[in-house]
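Notes follow once the structure below has been shown.
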Amino acid sequence: MTLQEILNYRFLGNNVGAYLTCLGILLFGYAFKTLLSRLLSKLVFRFIRKRTEGVSEQQFQALLIQPVSIVVFFVTIYLAFQVLDYPVRSADITKHEPWPQVALFRLYQIAIITGVAWIGLRLIDFLVLVFRRRAETQVSRLNDQLIPFAKDLLKVLVLTLAFLVMLSKVFGVNVTALIGVWVLAAWPWPLLPKKASKT
């Protein structure tokens, strides 16, 4: 049997060549995820370097390399499985799809959203670090109180947004209707002025 025949041999709906390509992309992503994340963080830092106020590039990379590398690896997983004949796409999933395939893709979506949210949280930590460096040059108790409050508020907003995106994209929940119901439930209806009764 020649090499071409081995590569063209099909099992489970795909040939050996497709499986080897998928494996090669996975190995490439795993081997170079840290390098790619470092290059991405260097590129981002070049755009914001003038406004970092004493925060070094090493501190920026220390915050971002781990979450970015994980997201990069998840993206390579998605690209690797697109080589196969039965890639999973969000728009193509129906009730007739095999449940293991759907469950794996839902887990992948959750992992990607979680990774992006993690990057957002680390960016908030970086912004807080920058503002603390600026606050060190100004003696003000107001800055010492506002910075931790703003940090917690921004992190809650990022986590809430990630949770809503997860509900919408992964579980198909109508987030707009859900927010509307929550607003109606939380609205202080008894405080509204009552209409004057007709005499």
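The table that follows gives values for the structure above.
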{"read-out": "Cα convex hull of region 16-62 - mean projected area over all directions, nm²", "value": "3.7 nm²"}
{"read-out": "Label-to-label distance, nm, for residues given as Arg133 and Leu167 (7 Å Cα→Cβ offset)", "value": "3.8 nm"}
{"read-out": "Stretch gain in nm, segment Leu27-Thr114, where the contour uses 0.36 nm per residue and the Cα spacing is subtracted", "value": "29.1 nm"}
{"read-out": "Label-point separation, Arg38 to Lys50 (7 Å along Cα→Cβ), nm", "value": "2.8 nm"}
{"read-out": "Cut-off under 5 Å, modelled amide H: who pairs with Asn14 long-range", "value": "none"}
{"read-out": "Under the Karplus curve 6.51 cos²θ - 1.76 cosθ + 1.60, θ = phi - 60°, whole-Hz ³J(HN,Hα) for region 51-67, x wherever Gly or Pro sits", "value": "10, 7, 6, x, 8, 7, 5, 5, 5, 5, 5, 4, 7, 9, 4, 5, x"}
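No lab work stands behind these numbers, since they all come straight from the coordinates. As the structure is a computational prediction, the values presented were derived from the model and not from experiment. Virtual Cβ from ideal backbone geometry, glycine too; neighbours counted across all protein chains shown.
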